[in-house]
Amino acid sequence: MLEQVLVAGFGGQGVLRIGQMIAYAGFAEGKEVTWAPSYGPEMRGGTANCSVVVSDEEIGAAQVLEANSIIVMNLPSLHKFESAVIPGGKLFVNSSIIKEKPARDDIEIFYIDAQEKAEELGNNRGANMVILGAYAKATGTVTLESLYDLVKQTFTGDKAKFVESNIACIKAGAEMV
Amino acid sequence: MAKKLMKGNEALAAAAIAAGATHFFGYPITPQSELIEYMAREMPKAGRCFLQAESEVAASYMVYGAGGAGARVITSTSSPGLALKQEGLTYMVAAQIPAVVIDVSRGGPGLGNILPQQSDYFMCTRGGGNGDYFHPCFAPASVQECADLVVEAFDVADKYRMPVLILADGLIGQMMEPVEIPEVTKKPIDKPWAADGGHVKRGEHNRINAMVLPADGLEELNHVIQAKLADYAANYVRYEAIGIEDADIVLVAYGTPSRACKNVLKKAQADGLKFGLIRPISLYPFPKEAFDKINPNCKAVISVEQSCGQMIEDVRLSVLGKFPVKFFGRTGGNPIIPEAVYNYAKEVLGGKA
């Protein structure tokens, strides 16, 4: 198994966190993983993105330039990265704010109304968790259980109150694909 | 210690603390900032010294002073910062002071940009300051190697009383991978030469000095430095070689581009082509002996670098005209795309490039 994922959006949308969750979950499942952020000048005001590779074998390039899957959280990211999905690959579109349709017809496209679903669940900062759930379910790269465990490990002490709403977002995302 | 996910910058710092670093002096610069941040947070907790200097030049002389007094000392920076530290480095070579110096390199020349690039190769491998010297230089290609090489660098520095450089590019510093920070139980060697007030009897003194006025004295120091480097070269040169004995094309790459080259090797294997890879882990001294093991019928050796072509000079000196030496590079912080390297290598194989 070799999964190469790109996650892109505005800074503040939890884009780097989506990538880290995939990497941490893959690591917990005993796979080889890399996570590499884009840290250039584009992070200020433009798009933020990160590359994640999950594999059963030693990982070569950590920067993903041809992706099996891409998650786009905003329109500039769709424009910038649509062409980087390999034919037959998967594209996850945050359709709450991306109203344009991708031009590609040789890839599988998932429209995830992530923001609306998160708000419906009372977690208006949980759009990234919704699309992460959709990604995990559709690709099988990591299990939903691994993601739930991560959420529980991330929010502890007085932040433990966020566990339930984040798990609810991941679960809802998984049910959308 | 159990494996965990860490950035290369954090692993370099954590391994330095595990290796018993007693002093860190530095000045912040992207893309190595996580390293100095980690040190600022963790060194005081471990009862060690963290000091943010007023400049890179000041930091390198703090390293000189602490190292001369026998401390296990480390500094880190990125490309333009290393240029500023070169004066301190050549003084440390002359005064025979051990230290570990980390360069998480960025785009140049000048202030350049903060993206990963490998254009510090000459500065890191040729003795970047004045005078007749080199110093050991390691180049990690993974987060685990960042940790392992820092531990080794401290021991090498102490053994040979030299600054040892670790050249990691910006992406190695920024990326996260599983890593196990080594548990270091070995005690650092004694330093009877140190100007620490504890090693000499009343009336005697240890001198730490970068100036030798008599011609014969300075010649002798130069011979001492060269002899140390020769001994080091005989014992510590490190590299990884994959499939070079029967390869028709051999790629040579270190750091981030070497990882792209591993993807290229897989593509070639899937297409039934015989490609090999030499990945220098030591950049100085360069692992020349690896090139003696290349298939005598190899068609070409390709140096793959995120620069305009610097390591290629060492590749040519190692190949010694036995094979054509070609170059594939990107600069400005642009990544090496495996597909592009593969297509170029196929052109070379077909005699078209």
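Only the coordinates and a few stated rules stand behind these numbers; no lab work does. All values reported here derive from a predicted model rather than from experimental measurement. Virtual Cβ from ideal backbone geometry, glycine too; neighbours counted across all protein chains shown.
Selection among A:N94, A:V5, B:F122 by position relative to the dipole of the protein assembly as shown gives B:F122 as farthest towards the positive end (Cβ unit charges, Cα centre).
Sum up the charges of everything whose Cβ sits under 14 Å from the Cβ of A:E120, counting Lys and Arg as +1 and Asp and Glu as -1, but leave A:E120 out. Kindly include the intermediate steps, with their values, before the conclusion.
Working: positive: A:K117, A:R125, A:K171; negative: A:D113, A:E116, A:E119, A:E175.
Taking every other residue near A:E120 into account, the sum is -1.
Taking Lys and Arg as +1 and Asp and Glu as -1, the other residues whose beta-carbon sits under 12 Å from that of B:V264 total +3. In chain B, the longest principal axis of the Cα atoms and the axis of helix B:143-160 are about 50 degrees apart. By the rule of a C-alpha distance below 27 Å, with chain neighbours fewer than 8 residues away ignored, the lysines paired with B:K326 are B:K262, B:K266, B:K267, B:K274, B:K288, B:K293, B:K299, B:K346, B:K352. Across every pair of non-identical alpha carbons in the protein assembly as shown, the mean reciprocal distance, once inverted, gives a Kirkwood radius of 24.6 Å.
Taking a temperature of 4 °C and a viscosity of 1.567 mPa s, what whole-number D in µm²/s does Stokes-Einstein yield for the range B:240-349 with Rh from Kirkwood over alpha carbon pairs?
Working: Rh = 13.5 Å.
Diffusion coefficient, whole number: 96 µm²/s.
Per DSSP helix of 4 or more residues, -39500 (n - 2.57); summed, then divided by the residues of chain A. What does that give at 222 nm, rounded to the nearest 500?
Values: 6 runs with 65 residues, N = 177.
It lands at -11000 deg cm²/dmol.
Using C-alpha pairs under 8 Å with a sequence gap of at least 6, the mean separation divided by the residue count of the range B:240-349 gives a relative contact order of 32 percent. Taking Cα atoms, how many degrees apart are the long axis of helix B:255-270 and the longest axis of chain B, rounded to 10 and kept between 0 and 90? On a 0 to 90 degree scale, this one is about 30. Between 0 and 90 degrees, rounded to the nearest ten: what's the tilt of helix B:215-236 against the longest Cα principal axis of chain B? So the inclination is approximately 50 degrees. Give the cross-link partners of B:K187 among the lysines, using a straight C-alpha distance below 20 Å as the criterion and excluding same-chain residues fewer than 8 apart. Qualifying lysines at Cα under 20 Å: B:K159. Please work out the C-alpha center-to-center distance from the range A:84-111 to the range B:256-310 and express it in whole Å. Centre-to-centre (Cα) distance: 36 Å. Over 32 Å, how big is the tail of the calculated P(r) for chain B, in percent of all Cα pairs? The calculated P(r) of chain B puts 31 percent of pairs beyond 32 Å. As a rough footprinting exposure proxy, the listed residues A:L16, B:L84 were ranked by other beta carbons within 10 Å of their own, and the order from fewest upward is B:L84, A:L16.
The alpha carbons of the range A:2-175 give a radius of gyration and a Dmax of 14.9, 47 Å, in that order.
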